[in-house]
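A short reminder: the numbers here are calculations on the coordinates, not readings from a lab. If you're wondering where the values come from, they're calculated on a predicted model, not measured in any experiment. Please note: Cβ atoms are built from the backbone with ideal geometry, for glycine as well, and neighbour counts cover all protein chains shown.
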Amino acid sequence: MAKVRKGVEVSIAIADAVAQADVDVIAAYPITPQTHIVEHLSEIVADGELDAEFIPVESEHSAMSVCCGSSAVGARTFTSTSSQGLALMSEIFFIAAAMRLPMVMALANRSLSSPLSIWNDHSDVMMVRDAGWIHVFVDNGQETYDNIFCAFRMSEDPEVMLPVAVNLDGFILTHMIEPVMYEDDELIRKYLPPFKMKNALHPDNPVSMGCFGMPEIYTEAQMNREMGVRNSYPHIIRAWDEWGRLTGRHYRPVETYRADDAEYCIVTMGSYGETAMEVVDTLREQGEKVGVIKIRLWRPFPLEEFRKAALGKKHLIVLDRAISFGTRGGPVATELRSALYGRPGAPSVVNYVAGLAGRDVSRKDFTNIILQGKQKAASGDTEGFTLYGLRG
Amino acid sequence: MAKTSVSSPKNVERAEYLAPGHRACQGCAEVLAVRLVLKALGKDTIVAMATGCMEIVTSPLPITSWRVPWIHNAFENPSAVISGGEAGMKAMMRKGKLPQKKINFVGMGGDGATADIGFGPLSGALERGHDMIYVCYDNEAYMNTGIQRSSSTPYGASTTTSPAGKKSIGQQTQKKNMVEIAAAHGIPYVATACPSFPFDLLDKVKKASETPGPAYIHILSVCPTGWRIQPSDAIKYGRLAVNSCVFPLYEVADGRHRLTYRPSEKKLIPVSEYLSGQGRFRHLTDHDIEQIQARVTRDYERLVKLSDQE
Amino acid sequence: MAKPMDQITWQELETGAVVVEVGNSTQYETGSWRSERPVVEKEKCIKCMYCWLYCPEACIHQAEEGHFEADLKYCKGCGICAAECPAKCITMISEEK
């Protein structure tokens, strides 16, 4: 495929990216709103455009299990899911990271039951915060397409060896037609070296994976894992830097928009960042000294870069897309408050939870959130969270 | 007895793919089954194993008994994991990323892992037609966690979660027939086996290895600890299970049933001889044993008819 | 030879806690478990190898003299070899002497 700019449904762009990445195994179970991704992938395979094994598994739990087996033999592996599917596969999702099995997942963020909801929020990804995967958030079609390649590069890096989830908002991105610059195959080949796994299962090298851990050794295994996640950080940066060098599109763990001289900022993850930027432009014209801080790398959490963006600001208005029941803040706000705790120059943090199950958060809503948030912060009303748009 | 390709221990593969120093109980016929399966398959074998006795006794980090590539991922999913390994290898070899090589892809799990928690994944793997072998080593309960019942526990057996008591005979349901369930998937090869009939077992595993597509082998694994018999009787009780027709040795190749061993008149024994020496059946009354005998006879005769017809 | 479990540092573990030392369970000598051990009447051994075939530990080997016997480093004393020997030339004797 030659370099070309297309108007394409983001799900299709993901499938095309996976094909360009020369994936070996795709194992997935259908679930709204990820379905178009795997449907298109199965089409590409059926037409011989991608030489891969497409495994239509009988459940998401088996999808992740098949991916573990495929990765363990050193095959380039891809899957995709959302919400309940992620919940069902969560047992193996944790194990995949613990066993350091490289693979890429397009996680089409969708709310968790109950009530059943097929629409978008971040409750699914927040459920697996502690699993040890690398999590990247994307805002639009181009970022999605690009980060499939970056994800494979990061994941299979011998210094990383961790599964990577590319988080994109279900429906809002998956079903949207966006302009995407497709890079040519040559560039992709240059960027993405073949997957060479050090201890891949093969009769020539009979290793044992997944031995059980007695109390005497489990702690050390966990530390080895934690350091693996922390030490992946510079290699994640390197993967993005290299992509930026080749394409001119740069990604960073924390990206800011008009934040340098801002007095206060709104913090977003995922596609809300785009709307936030537009609203900030309008508010700036009205004299508000406001900016956007976008968290692109959720795990490993970019502590230094976030602090650099946030310290010195008066307040932060953190937009969460999920509730952590029984706590005093959404998952992101809780994380950010913790990152800022005790730091000189730490802004106050006001937390809004908005857009649960895809409820529309318009530009007007963003404006309300920002301005009301600013007022709350100024009056010291920073405890807990506000569920924006709640009736009753 | 069907003629086996090997009929003397001297002609059995000498290489050991499971190293000594594993922590199986004394007299464990399950680890013996695994040892024999590996001999039939050879070194070009990749094993995905379920959580359970075999996984625990062979892999206390940083120790392993495995001399072939081995992966333990979770309890219910060795079938799915090995199908992923098979698919990954297939793709890589086809695309020239790896040199061509015939490798046995084997999923292994106990009766709990296979008939209960892993039932769905197994069905999926068999339906998808991967070139793989699934081996169920059946010791008829969740032995590793302390002898709890599974759907493969036989009627009347006392386990810790189906104990024999004043109001209960122990396991109140009949053993789930995983062999016929596997055969119902239409896969090319299904077989039962027991290490007490080692040459029959080795033959069947070889056959499974040489048959393209999914194969399922169900191995009765005598567990002295859980069945409450002497360790030295492990092989004897496998023989009793087969010769009493409680566990018939047969295969279903391309949908055709065929008994590979029929106890002769001299060898045939009543089920009471099999049941009476086992602590887990100690509480059974004569009436219970008659009921069990009637069902065993009925099921075996059905199998004989199928075997003769097909 | 793997370090004892309770001495390994986190840095010494392989990525993903993969064990690369093939079959290193041989360093754990399960022979200490047994309360009985098999004794072979060497002249009676017919070298049929059934004891070798049925041993769950895979610890029976051919001795220099030609008969088959258990490697006492690993033998758990289960008694299967004695029970299955067609020549009845294996006896289990108590370890307590």
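See the values below:
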quantity: On Cα atoms only, tilt of B:286-309 relative to the major axis of chain B in degrees; calculated: 50
quantity: Formal net charge of residues neighbouring C:Val40 (Cβ-Cβ distance under 15 Å; K, R +1; D, E -1); calculated: -3
quantity: Cα-based helix-to-principal-axis angle, B:78-94 vs chain B, degrees rounded to 10; calculated: 20
quantity: Computed magnitude of the charge dipole of segment B:71-112 (debye, nearest 20; Cβ of K, R +1, Cβ of D, E -1); calculated: 500
quantity: Segment A:255-387: mean projected area of Cα convex hull, nm²; calculated: 7.5
quantity: Options B:Ala193, B:Thr160, B:Ile82, ranked by Cα towards positive dipole end of segment B:13-309, top entry (Cβ charges); calculated: B:Ile82
quantity: Check: segment A:4-247 dipole with +1 on Lys, Arg Cβ and -1 on Asp, Glu Cβ, in debye; calculated: 580
quantity: All lysines inside 20 Å of A:Lys308 as judged from Cα atoms, apart from same-chain residues fewer than 8 positions distant; calculated: A:Lys289, A:Lys294
quantity: Whether segment A:326-370 is rounded, prolate or oblate, judged on the alpha carbon gyration tensor where a/c under 1.5 counts as rounded; calculated: oblate
quantity: Cross-link partners of C:Lys3 among aspartates and glutamates (Cα-Cα below 18 Å; sequence separation of 8 or more within a chain); calculated: A:Glu216, A:Glu220, C:Glu12, C:Glu14, C:Glu21, C:Glu29
quantity: For segment A:42-167, the Rg and Dmax computed from alpha carbons only, in angstrom; calculated: 14.1, 42
quantity: Among A:Gln84, A:Ile237, A:Ala276 - extreme Cα towards positive end, dipole of the protein assembly as shown, charges at beta-carbon; calculated: A:Gln84
quantity: Rounded to 5, the percent of DSSP beta bridges in chain B classed as antiparallel; calculated: 30
quantity: Sequence-separation-based contact order of chain B, relative, with Cα cut under 8 Å and 6+ spacing, percent; calculated: 17
quantity: Relative contact order computed over chain A (Cα-Cα under 8 Å; 6+ residues apart), in percent; calculated: 15
quantity: Within-10-Å neighbourhood charge of A:Ser90 [Cβ basis; K, R +1; D, E -1]; calculated: -3
quantity: Estimated [θ] at 222 nm from DSSP helical runs (n ≥ 4, -39500 (n - 2.57)) normalised by residues in chain B, nearest 500; calculated: -10500 deg cm²/dmol
quantity: Top positive-direction residue, dipole computed over chain B with Cβ charges, set B:Cys53, B:Gln100, B:Gly238; calculated: B:Gln100
quantity: Local net charge near B:Ser152, Cβ-Cβ under 14 Å (Lys/Arg +1, Asp/Glu -1); calculated: -2
quantity: Expected-Rg normalisation [2.2 N^0.38 Å, Cα atoms] applied to chain C; calculated: 1.38
quantity: Gyration tensor (alpha-carbon) shape descriptor, segment A:274-315, a/c threshold 1.5; calculated: oblate
quantity: C-alpha center-to-center spacing [segment B:23-54, segment B:182-223] in angstrom; calculated: 14
quantity: Segment B:41-119 - percent relative contact order, Cα under 8 Å, separation 6 or more; calculated: 43
quantity: Mean ellipticity per residue at 222 nm, deg cm²/dmol - from DSSP H runs of n ≥ 4 across chain A, formula -39500 (n - 2.57); calculated: -13000 deg cm²/dmol
quantity: Helix-only [θ]222 nm of chain C, DSSP H runs n ≥ 4, -39500 (n - 2.57) each, per residue, nearest 500; calculated: -2000 deg cm²/dmol
quantity: Of every Cα-Cα pair in segment B:138-252, the percent that sits beyond 25 Å; calculated: 27
quantity: Within straight-line cross-link reach of B:Lys90, lysines at Cα separation under 30 Å, skipping those fewer than 8 residues along the same chain; calculated: A:Lys190, A:Lys196, A:Lys198, B:Lys39, B:Lys43, B:Lys101, B:Lys102, B:Lys204, B:Lys206, B:Lys207
quantity: Computed over segment A:142-182, Kirkwood Rh from alpha-carbon pairs, angstrom; calculated: 11.4
quantity: With at most 15 other Cβ atoms within 10 Å, longest stretch of chain A clear of loop GluC sites (Glu not before Pro) (DSSP); calculated: A:264-382
quantity: Segment A:286-353-segment A:52-127 distance, computed between alpha-carbon centres (Å); calculated: 28
quantity: Dimensionless Rg ratio for the protein assembly as shown, taking C-alpha atoms and the 2.2 N^0.38 Å reference; calculated: 1.09
quantity: Estimated dipole of segment B:13-309 in Debye, rounded to 20 [Cβ of Lys and Arg +1, of Asp and Glu -1, Cα centre]; calculated: 440
quantity: Radius of gyration and Dmax over the Cα atoms of segment B:188-271, both given in Å; calculated: 13.6, 40
quantity: Mean projection area, nm², convex hull over Cα of segment B:13-309; calculated: 15.3
quantity: Surface/4 estimate of mean projected area, convex hull on alpha-carbon atoms of segment A:40-100, nm²; calculated: 4.3
quantity: Where the Cα pairs of chain A fall when distances are cut into 20 Å bins, in %; calculated: 29, 58, 14, 0
quantity: Degrees, to the nearest 10: A:331-340 long Cα axis against longest axis of chain A; calculated: 70
